[in-house]
Every structure is written in C-alpha cells, then in structure tokens.
Protein chains: 2
Amino acid sequence: MNADKVPDIIVGRLPVYLRALQRMAEKGMRTTSSQELGEHVGISAAQIRKDISQFGEFGKQGTGYSIPYLINKLREILKVDRMWDVAVIGAGELGHALSHYQGFANRGFCIVMLFDNDQSKIGKKVGEFTIEDSSCMVERLRGANVKVAMLTVPAAVAQAVANQLIQAGVRAILNYAPISLNVPDGVHVQYIDPATHLQRMTYYL
Amino acid sequence: MNADKVPDIIVGRLPVYLRALQRMAEKGMRTTSSQELGEHVGISAAQIRKDISQFGEFGKQGTGYSIPYLINKLREILKVDRMWDVAVIGAGELGHALSHYQGFANRGFCIVMLFDNDQSKIGKKVGEFTIEDSSCMVERLRGANVKVAMLTVPAAVAQAVANQLIQAGVRAILNYAPISLNVPDGVHVQYIDPATHLQRMTYYL
C-alpha cells in the first residue's frame, strides 16, 4: 500500500468512519455493516466498502466488520494509534475553547502548549496550560519536536505565524484564520472556517 | 443550470474560491487568472477552470477573470448575495467565540440569536447578544424564520437539539459536536470537528 496512491478524498472520509465506529464502540456495539455505518455517516454502503477496501480486506461477506478491529486498523492507517503533541497558537476565545475541548481524547491528539503575543495574556493559566510568549514559540516547538499546530490568530498575521511554525518543524496546521496559507511541499494545512462551511449549505437552500 | 446536477465536491470548492477572490479584491486587485487563483487556494488551474465553467463562461481566454464579476457570480450561485440570519446554540467558550467572530462580515451571514439551557447563563450579554433560554428556541427560531444554525452543544445532546432545530424550520446546521447527526432529506449538515481535520493530516506525516 502506497499512501500517495489513495485519493485524498478517500483519506478525508476515514476519520469520519473512525469517529462513527468509536461512538458505536462506546455504546457497546461489537460488529457493524457497511449499511449501518453508512446510515451513521450519511455515505452509501457501496462507497464505504470501496473506501475501506483500498487498505485491505477488513470485513467479511455476511458478517460485516468487527468494530474493535476496524477501529484499530483505521487508527493505524491514520497514524493516530499514537499520541501527537499539539500546540495552539492564539489564546483568544477560540484558543481557550480548543484548550478545554474534550473531543481530542481517544483520537490521537494532546494539546501541550498555548502561545500568544499579548503581554497581558502571557503567563496566565488556561485550564492546565500557561499561556506562553509567542516570541519563544519557534524554539519551544523545535525543542519539544511538535509537528502539529492549531492556528487561531487574526487573518492579517496568519501567514507570518504559519511561516514560523514551518520553520520550527511543524508539518500539519489546522488553520482557523479565514485565509488560505501558502506552505511548501510536505506541510499539510486543513481549514476550519465557519463561513465557508455555511456557504456550502446555502447553495442548496 | 440545475443545482442537483453539480457534484457536491465542486460546490464545496466554490466558497474557497470566493474567499480567495474577496481577499484579492481587498488588496485592490481587479483581475486574476486560474493559475494565480490556483496558487492562492492550492488547487490546479485546470480544476478551477473546470469547476467554474459548470456555471457558465465567466472568464476570457487571455485576459482571465474579472474579480468583482466573479465574486458577484459566486455569491449569487452560493446564495450569499443576501444575508442569512444565523442562530448559535450553546453559549460555551465556542459559542462565545462564534458570537464575536469577525469572519462572517461580507460573507452572507449575520448571527442574530444565542441560546443556552444553563439558567446561570440565560440573560447574560455576549457582545451585543443576550443569551436566550433554549426552552423558547423552537418558537423564537420559527417566529424569526431562521434557516441556519450553528450547534456548539455537548455531543450527548446534539441530536436532540438538532431535532428541535429541524422542527423549528432550520435547514442548514453547522455542527461542532463530534458526532454525526441524522437529519431528514432537505436538511443540510456540515461538520467542524478539529480531531477529524487533524487525522486527515496525520495520515500523510
């Protein structure tokens, strides 16, 4: 299996399957079918079978998928069978919300640092974190070998901060600023921009 | 042009093009090419031309696209050439962050209401909004004809609250709770779940 050969659109659906399977497991379910999983995620059973079969034969005709087995396989494929340290850049309301967010548990991520450039915020506690000075960010990230960051700074400075993150060795940036970032090959960016998501729905209204 | 005939994957890219074009316009640019736009959004020029041509002939060979014209066309196609009233359900840190978010300006959305079921929050001000009692939510949304909502409640209650939103006439839900929602045909859901976005990147690391 060559990671580059699986279309990105399929890769993008795997975390959705994983999330649904983890919810099923929490409810005590042990097996599922592509039909049932499809109803949970709003994707056709045929598409799910096709997507999952890109990575091997994980289900059996007639008996379906073992939920714990498929969870383990998907965690392995997505490389979240380990914990990734994550830095949050920007300690505004969104940075605070992310620092307290419970949804990372069990999903491969652990927030370890929170930065801001506002002198009135630096040193303050947010839950278990102390807001650190972003002027020390590159050094701190490099020292701790952090590869994943969430960017919640204003749009006007997002590219400059992203450049620093990349310089520090970060390879995956979840960008909440409403601009597209230019990054070199080998650095991955995902965007969370509520207006973009809303516009995708108003098209259909 | 029939809205149902354009693949959803293309529809999903239009807001990204629109955002990039609006940034270009803010910088005073008047024209662009599919190459230049592609560099801003990380999508190939050929793909952009193909996507946009689904809706008509908006560019000219050799001179490219007029930015104001293409912005107007995309706003029309995405139905954000008008303002949509939006309700925020859940006045936690994320609900607060969304209520203060500046990124909706100029993009077709205006937050008009904020609800919570926590008696200690109801009646408090968040910027210009007063947190309203979610027990009055269905009536309030229906009375104001609100079609768009952002859901920032805990996962355990997200489906129940979504059901109420649908009952109230909401047709587009931006769901921040880390679960998949079951909704009837004609109701649209988009998900913002940072762990899912992060997992999509760790695959490549």
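One table, with the values for the structure above:
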{"read-out": "Matching residues in the stretch B:1-60 - criterion: being among the hydroxyl-bearing types (Ser, Thr, Tyr), away from chain A (no Cβ under 11 Å) and open to solvent by less than 30 Å² (accessible area, probe 1.4 Å)", "value": "B:Thr32, B:Ser34"}
{"read-out": "Odd one out for A:Asp85 among (1) charged (D, E, K, R); (2) free of Cβ contacts under 8 Å to residues at least 40 places away in the same chain; (3) over 17 Å from A:Arg13 (Cα atoms)", "value": "(2)"}
{"read-out": "Among the candidates A:Gly64, A:Gly108, A:Gly127, residue that is open to solvent by 10 Å² or more (accessible area, probe 1.4 Å), within 11 Å of another protein chain (Cβ to nearest Cβ) and not basic (Lys, Arg)", "value": "A:Gly127"}
{"read-out": "Residues (of a type in the set (A, V, I, L, M, F, W, C) and touching a residue at least 60 places away in the same chain (Cβ under 8 Å)) located in the stretch B:92-134", "value": "B:Leu94"}
{"read-out": "Single condition A:Ile43 does not satisfy, out of (1) over 30 Å from B:Ala91 (Cβ atoms); (2) out of contact with any Asp or Glu (no Cβ under 9 Å at 6 or more places or on another chain)", "value": "(2)"}
{"read-out": "Residue tally, condition among the small types (Gly, Ala, Ser), in contact with a Leu (Cβ under 9 Å, 6 or more places away or on another chain) and outside any strand (DSSP E or B), over the stretch B:128-165", "value": "2"}
{"read-out": "Number of positions in the stretch A:19-70 that are among the β-branched types (Val, Ile, Thr), under 21 Å from B:Gln199 (Cβ atoms) and not in a loop (DSSP other than H, G, I, E, B)", "value": "5"}
{"read-out": "So B:Ser180, is it outside any loop (DSSP other than H, G, I, E, B), at pLDDT below 95, in contact with a strand residue (DSSP E or B) (Cβ under 8 Å, 6 or more places away or on another chain) and not charged (D, E, K, R)", "value": "no"}
{"read-out": "Answer residue from the stretch B:79-105, given it is of a type outside the set (A, V, I, L, M, F, W, C) and touching a Gly at 6+ places or on another chain (Cβ under 6 Å) and is farthest from the other protein chains (Cβ to nearest Cβ) among those", "value": "B:Ser99"}
{"read-out": "Test: residue in the stretch A:155-171 that is in contact with a strand residue (DSSP E or B) (Cβ under 6 Å, 6 or more places away or on another chain) and under 30 Å from A:Leu21 (Cα atoms)", "value": "yes"}
{"read-out": "Single residue of the stretch B:134-164 satisfying the filter (within 14 Å of chain A (Cβ to nearest Cβ) and touching a Phe, Trp or Tyr at 6+ places or on another chain (Cβ under 8 Å)) that is most open to solvent (accessible area, probe 1.4 Å)", "value": "B:Lys147"}
{"read-out": "Answer residue from the stretch B:71-105, given it is in a loop (DSSP other than H, G, I, E, B), in contact with a strand residue (DSSP E or B) (Cβ under 8 Å, 6 or more places away or on another chain) and at pLDDT 95 or above and is surrounded by the fewest Cβ atoms within 10 Å (Cβ to Cβ) among those", "value": "B:Met83"}
{"read-out": "Criterion: at pLDDT 90 or above, polar (S, T, N, Q), more than 20 Å from B:Thr202 (Cβ to Cβ) and in contact with a helix residue (DSSP H, G or I) (Cβ under 7 Å, 6 or more places away or on another chain) - qualifying residue of A:Gln22, A:Gln35, A:Gln47", "value": "A:Gln35"}
{"read-out": "Residues of the stretch B:166-177 satisfying the condition of being small (Gly, Ala, Ser), assigned to a loop (DSSP other than H, G, I, E, B) and under 18 Å from the mean Cα position of the chain (by Cα)", "value": "B:Gly169, B:Ala177"}
{"read-out": "Any chance B:Phe115 is open to solvent by less than 30 Å² (accessible area, probe 1.4 Å) and out of contact with any Gly (no Cβ under 9 Å at 6 or more places or on another chain)", "value": "no"}
{"read-out": "Residue list for the stretch B:165-177, filter: open to solvent by 30 Å² or more (accessible area, probe 1.4 Å) and within 9 Å of chain A (Cβ to nearest Cβ)", "value": "B:Arg171"}
{"read-out": "Filter result (crowded, with 17+ Cβ neighbours inside 10 Å and more than 7 Å from chain A (Cβ to nearest Cβ)) within the stretch B:178-205", "value": "B:Leu181, B:Val183, B:Val187, B:Val189, B:Tyr191"}
{"read-out": "Residue match in the stretch A:72-95 (condition: within 15 Å of the chain's Cα centre (by Cα) and among the polar types (S, T, N, Q))", "value": "no"}
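The values are calculated or read from the model by the stated rules, or taken from the named source; none is laboratory data. Just so we're clear, the structure is a prediction, and the values are computed from it rather than from any experiment. Every residue, glycine among them, receives a Cβ derived from its backbone with ideal geometry; neighbour counts consider all protein chains shown. Each accessible area value is taken on the protein alone, full model and side chains, heavy atoms only, with ligands, DNA and RNA left out. Shrake-Rupley method; radii C 1.70, N 1.55, O 1.52, S 1.80 Å.
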